[in-house]
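Below is one structure, written out as structure tokens; comments come after it.
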Number of protein chains: 4
Amino acid sequence: MTTMTKSHMVVAQNASGRSMNVPIYRFKGAVPGPTVYIQSSIHGAEVQGNVVIYQLIQALKEQDVAGEIILVPNCNPIGTNIKAGEYTLGRFDPVNGTNWNRGYFFDEEKVYAFADTVNENDDISTIRDDFLTYWAECIAEKLASPWGLGLAQQLNLKLQQLAVNADFVLDLHNGPVSTRHVYIPEYAKDSATLFNFPHCIFIPNKFAGALDEATFCPWWTLQDALSARFGRSIQFGIEAFTLEMGSQEVIQFSEGKVDAKSILTYLTAKNALPHSSLAPAAMKRVGVMLKDYKTLFTQWGGMVEYCVKPGDWVKRGETIARVLNIDELDTEAGCFAVEAPCDLIPMLHFPSASVLSGTQLFKVFTNYFTLTE
Amino acid sequence: MTTMTKSHMVVAQNASGRSMNVPIYRFKGAVPGPTVYIQSSIHGAEVQGNVVIYQLIQALKEQDVAGEIILVPNCNPIGTNIKAGEYTLGRFDPVNGTNWNRGYFFDEEKVYAFADTVNENDDISTIRDDFLTYWAECIAEKLASPWGLGLAQQLNLKLQQLAVNADFVLDLHNGPVSTRHVYIPEYAKDSATLFNFPHCIFIPNKFAGALDEATFCPWWTLQDALSARFGRSIQFGIEAFTLEMGSQEVIQFSEGKVDAKSILTYLTAKNALPHSSLAPAAMKRVGVMLKDYKTLFTQWGGMVEYCVKPGDWVKRGETIARVLNIDELDTEAGCFAVEAPCDLIPMLHFPSASVLSGTQLFKVFTNYFTLTE
Amino acid sequence: MTTMTKSHMVVAQNASGRSMNVPIYRFKGAVPGPTVYIQSSIHGAEVQGNVVIYQLIQALKEQDVAGEIILVPNCNPIGTNIKAGEYTLGRFDPVNGTNWNRGYFFDEEKVYAFADTVNENDDISTIRDDFLTYWAECIAEKLASPWGLGLAQQLNLKLQQLAVNADFVLDLHNGPVSTRHVYIPEYAKDSATLFNFPHCIFIPNKFAGALDEATFCPWWTLQDALSARFGRSIQFGIEAFTLEMGSQEVIQFSEGKVDAKSILTYLTAKNALPHSSLAPAAMKRVGVMLKDYKTLFTQWGGMVEYCVKPGDWVKRGETIARVLNIDELDTEAGCFAVEAPCDLIPMLHFPSASVLSGTQLFKVFTNYFTLTE
Amino acid sequence: MTTMTKSHMVVAQNASGRSMNVPIYRFKGAVPGPTVYIQSSIHGAEVQGNVVIYQLIQALKEQDVAGEIILVPNCNPIGTNIKAGEYTLGRFDPVNGTNWNRGYFFDEEKVYAFADTVNENDDISTIRDDFLTYWAECIAEKLASPWGLGLAQQLNLKLQQLAVNADFVLDLHNGPVSTRHVYIPEYAKDSATLFNFPHCIFIPNKFAGALDEATFCPWWTLQDALSARFGRSIQFGIEAFTLEMGSQEVIQFSEGKVDAKSILTYLTAKNALPHSSLAPAAMKRVGVMLKDYKTLFTQWGGMVEYCVKPGDWVKRGETIARVLNIDELDTEAGCFAVEAPCDLIPMLHFPSASVLSGTQLFKVFTNYFTLTE
């Protein structure tokens, strides 16, 4: 029988000296199966994932699990609780600007060092187990740095320790004003159609500090190193995704149920839910390579109306924003339009009408392609 | 012919020593008429009023004005430009928390002192002119305080000097997530139906620092003092309103046109637009006395889905919010509902799902009544 | 024997739904005596009071207490933990700008209502006990407001409930860059020399929301009402002070010991420490009436060197600040001096060189007088 | 004769649509000589450099210059003007946390591409001029990115365009609470003793985004590439430094004069001031390699007294900080000491007593060595 347990892990101490902890929910199946790790709200204002985990828990309480599913909602108790005005200043450490999602561990050299110790005859599950042990030690060693580490990095590494054994890692995020989209490592592109996400971004083996990268980069690097060395394809089947569940600062229980179903569908395909018969929805899915996922920055400051919605299919030349210039309300220059520089699908736009020069106005798909109709 | 002029007024200096100014647009008619003062964005994140002024200017360029209309968009250049995360920290001075809309001048004793100087035979326009002069001097004297004044107060008083001669003052605001509503002094309640606002809040002669109050409190106090003294009703016809044009952090040009029309309708009724034939829309309008305009504060912290929209008519007992408790996702306590304590119409709700105890969750009409069907 | 107990009181819940509490240390003597309430850090960046309470606790552990001493360090767990950059944004609620020290309860009408119920023959201790009960009920009723209350007010009222029975209330604060000074109600002016504070500000019976005022205003108002009614002086001997223990953002253990001794000296004089022989230090003390405690605001923005230190005796015309104008470094206007407009003693100055127009540059004693040489 | 000119360069637009500019002061000598670029306050709270530039200008007005000296005070008009509480939130873009000093341009591959085009017979000044032209084009191309760039990067690149022709680049910074220290590229280590800085940090050819690195990395990389290729040492003599002029949030005119003299001494040695006879002060200078410049992070949260001052020589085991634990004021755990883990010299410490876990408590020299006695 599947058992559910709940515990808490201390991840920081505040200025009052109080411990700050995260809740950990675990569903452990009676039968073997994959290990799944799901967390939400590493960026404090991105809260919909917490509802998704709530809905996942409701669903998992009703069925058997194979292997183990670990769920960590609200995984950043500091970022969740910094208000600046009515909104949550949840994207970075307010002390120093450090993005809460850039301090996970990866070190290419350490992967290569491990790869050198592998024998051609080692079977894949042995390599895998050895690397798991090795990598957990690397993380523990980093966390034990003699002069200490910054707050975001400490938090990230403690969460990474929870995720290190997982076969499948899902990090639940939101965009500012956003439609649903998912980041997928290129080697796992077949999994794009196992979720019910309409927009898929395929990313290369490049580490920038996030949890999904910190999860798949070591395995990807190891796969490539061993495949090259042994002259045959070696795959470990570890997958990690960043799922963007709509807009920040908002929760919606009914949407959370839809989101949870999308995740349960993936887990079904990955054999974590032996009695589930969920299958991916028949739906339009489009994909884009990361290099074609563009950020449109402003060259000007002003007040902006966003004229297209995330998810809209926009043609080159269409007005995507209209800008007000407060000092020219009586002239032609009082208002001007921003046009789409090419065909595009906006995934998200800036959440405020007030915009300085150099603002990320939109992030958009260009050169996108159809995955499923 | 109506002439349009534009100028700028310095209202502050920043830490670089640079002057910060506000744009002033004036339409001066060839024929006499009332003086109208309209400003927007004293709270920096409340930007829709800037678009409304833009649309007003487009409309005023096409017609004649009687008297003068003064428009000051973006009247708080400091508050508009303080970002904290992606949003605008526009409600208060970030240095000391002072609300940008609480430092206008009013002093009841000074009104009484003036009232004592009025002769029973003085005609109303003489009293009016004398008081205008007197009150302008009071404001100038305050602004010249020998030890200086705080930034918000300096800003407020400089704006008030622009507004002091006005017969009609409109201060354009927004709520957090909000429907359109307007604050109206009780003595001018007939003007409630001259705008196209569905929701009207009637406020007493009480000063809390805002521009509308700073405008009508002196006249109201003077009216009452003279009426009592001379045993007959004395009215000056000065009116001032705070107009809440929907939600903060958003501009919409098309809605701004609708909002502008609502204001032009009022100005038509007040004889500022001699050739305009705009008449108030036939629409449902409800009113509430300020004492029945309630703020619902939370007793708990958590993550909230807002289940009713501003403007909805809600029955007692209906679920207005649903709260997620991150540490109890596996139990009955994982989620609970907040119910309407009585029949109500929410005007606005908090703009973030993340809520501490003591948060203004909703502001609502209770005991509301119908003004027009 | 004196007993020490420690407990915690929940004062808020954060957005994670976690309770936030304050520590309460109580020393209860075996013999009767006054009740003393001491709190620190209602403004989150003003932390020296926490060390003072630490040093008080060390001293109180070594001696007997008469009555009870209640100590609440770090009494604002929200304000203490809001960082904005490296500093603590501790003066106001970051959501709405509400000063954390303005929401305590006082209602003059309710005091008069009570005063009307007092009989001329009631002895003073009966009046006192009855009023304590009555006032505690008033606070409880406020706290139970059916639509709820804001976060700062909830926090304030819960702390006020701890303080309501106290004869002597000390609220420990800091200035920005500041020398030690104390606020004293005019009627308790004799207590100015019972502390070892060099600077004393005498304040009238006027409520602006702070804890000291919320403590003494009701008693002062009651005293005045009963004295007037019965034609004789009625005194309850309740005293409350705001103690400014130097600069914010800094703790110093050795200074904390000095500060603690100053407080213990006062408590000795008030018979709370039966075996203590501490007597006030022979030292220079100067006083000022609140109306002569001036804030010097800037009319300009720029970068400032503060040329006098808090506590300095400054003559009219002396340079108190020097201002840099970034755009005029090559001209005479590159730098100018701010002169003292009269003889003064600065108590504090702004803690940053970067100053907008309307900044509180200095707060200063003018027309000060000597209390002790 | 040396001529002084002043101009302004637009670097951004704010949300009101207003241009934000930086002042540029240029001293151009009648005789040839090096080009010098000096800027200050890229981090908005680090303001002492503005006074240093003021003092430099006063000194330069009195003497002849060879070549050109370009001075840009207050080079970040956005960062200078973001207040969060009384302090300046000047280290990073408040919208997204981007450090204002990490967006300058460098691209190793582009240097190698240039190096490949150099002929062995080209004389060094030709190579230099060609590279200057080439590199300026690279920066211009980056700045013209078709989808735009973020605000910090736009600002950085515009400043870098001013600095690109300079032989000597000085970027004036401050630490939080800090003593004076300077970052020096290892290849220019002889210049360490040309300033009057007591503490010198030697850094390798590694780019992390700052202006000093963006200045010397291309030349260093080019030197190494050409030296390797041609088998002889090739040096261009370009130098760039980050100078830390004490503590942030403070200006001091007299100290600024001392700082200016230190810089003028360096410029004298570099032949920019033909009539100056300034020579480096005889003083103790210590150096450290970057790898031995350690950051001590906390593992705990609490309130901290800093027990050693920046610049102190501290022995292993000495108490460097004392921490208060608010919940244990009555026990042994109420206070504990942090000890120096080795012999060290603190350069700076955190500027607030309130500290979360993972805070940069101190940055310290370890394994330091004497440069001059």
Inset, instruction - Take the residues in the stretch C:83-105 that are touching a Lys or Arg at 6+ places or on another chain (Cβ under 9 Å) and of a type in the set (D, E, K, R), then tell me which one is nearest to the other protein chains (Cβ to nearest Cβ). - result: C:Glu86
Legend entry - Matching residues, the stretch B:279-338, being of a type in the set (Asp, Glu) and in contact with a strand residue (DSSP E or B) (Cβ under 8 Å, 6 or more places away or on another chain): B:Asp292, B:Glu305, B:Asp312, B:Glu318, B:Asp327, B:Asp330
Inset, instruction - Kindly indicate the residue of the stretch D:321-336 that is in contact with an Asp or Glu (Cβ under 7 Å, 6 or more places away or on another chain) and surrounded by 19 or more Cβ atoms within 10 Å (Cβ to Cβ) and also farthest from the other protein chains (Cβ to nearest Cβ) among those meeting that condition. - result: D:Ala321
Legend entry - Elements of type helices (runs of 4 or more DSSP H) in the stretch D:79-189, at least 3 residues being without any contact (Cβ under 8 Å) to a residue 12 or more places away in the chain: D:124-143
Inset, instruction - Could you tell me whether A:Pro32 is in a strand (DSSP E or B), at pLDDT 95 or above and either under 18 Å from B:Leu324 (Cβ atoms) or of a type outside the set (Asp, Glu) (or both)? - result: yes
Legend entry - Every pair of residues 6+ apart whose Cβ atoms lie under 8 Å, when the first sits in the stretch A:205-220 and is within 9 Å of A:Arg102 (Cα to Cα) while the second is modelled with pLDDT of 95 or more and basic (Lys, Arg): A:Ala208/A:Arg102; A:Gly209/A:Arg102; A:Ala210/A:Arg102
Legend entry - Leading residue by the ranking (farthest from the other protein chains (Cβ to nearest Cβ)) among those in the stretch B:59-71 that are buried (at least 24 other Cβ atoms within 10 Å of the Cβ) and under 19 Å from the mean Cα position of the chain (by Cα): B:Ile69
Legend entry - Residue identified as within 30 Å of B:Gly358 (Cα to Cα) and surrounded by fewer than 19 Cβ atoms within 10 Å (Cβ to Cβ) among C:Gly150, C:Gly209, C:Gly231, C:Gly237: C:Gly209
Inset, instruction - Name, by its number, the condition in (1) polar (S, T, N, Q); (2) more than 30 Å from C:Asn101 (Cβ to Cβ); (3) surrounded by fewer than 22 Cβ atoms within 10 Å (Cβ to Cβ) that does not hold for B:Asn99. - result: (2)
Inset, instruction - Tell me which residues, restricted to the stretch D:2-52, are without any contact (Cβ under 8 Å) to a residue 40 or more places away in the chain, away from chain A (no Cβ under 14 Å) and basic (Lys, Arg). - result: D:Lys6
Legend entry - In the stretch D:153-176, the residues that are under 25 Å from D:Leu344 (Cβ atoms) and surrounded by fewer than 24 Cβ atoms within 10 Å (Cβ to Cβ): D:Gly175, D:Pro176
Inset, instruction - Mind listing just one residue for me: the one in the stretch B:337-373 that is within 14 Å of chain C (Cβ to nearest Cβ) and charged (D, E, K, R) and, of those, surrounded by the fewest Cβ atoms within 10 Å (Cβ to Cβ)? - result: B:Glu339
Legend entry - Pick from the stretch B:281-311, criterion under 30 Å from B:Pro34 (Cα atoms) and either in contact with a His (Cβ under 8 Å, 6 or more places away or on another chain) or buried (at least 19 other Cβ atoms within 10 Å of the Cβ) (or both), ranking: nearest to the other protein chains (Cβ to nearest Cβ): B:Val288
Inset, instruction - Please specify each residue of the stretch B:45-58 satisfying the condition of being assigned to a helix (DSSP H, G or I) and either buried (at least 24 other Cβ atoms within 10 Å of the Cβ) or not assigned by TED's automatic domain parsing to the domain that holds B:Asp93 (or both). - result: B:Gln48, B:Gly49, B:Asn50, B:Val51, B:Val52, B:Ile53, B:Tyr54, B:Leu56
Inset, instruction - Check B:Glu373, B:Glu305, B:Glu328, B:Glu339 and return the single one that is at pLDDT below 95 and outside the structural domain of B:Tyr183 (by TED's automatic domain parsing). - result: B:Glu373
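Residues are listed down the side, and each one gets a yes or a no for (1) touching a Leu at 6+ places or on another chain (Cβ under 9 Å); (2) in a strand (DSSP E or B); (3) modelled with pLDDT of 95 or more:
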| residue | (1), (2), (3) |
| --- | --- |
| B:Met4 | yes, yes, yes |
| B:Val11 | yes, yes, yes |
| B:Ser16 | no, no, no |
| B:Asn21 | no, yes, yes |
| B:Ile38 | yes, yes, yes |
| B:His43 | no, no, yes |
| B:Glu62 | no, no, yes |
| B:Cys75 | yes, no, yes |
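The values are calculated or read from the model by the stated rules, or taken from the named source; none is laboratory data. Quick caveat, the model's predicted, so the values are computed rather than measured. We place every Cβ from the backbone using ideal geometry, glycine too, and count neighbours over all the protein chains shown.
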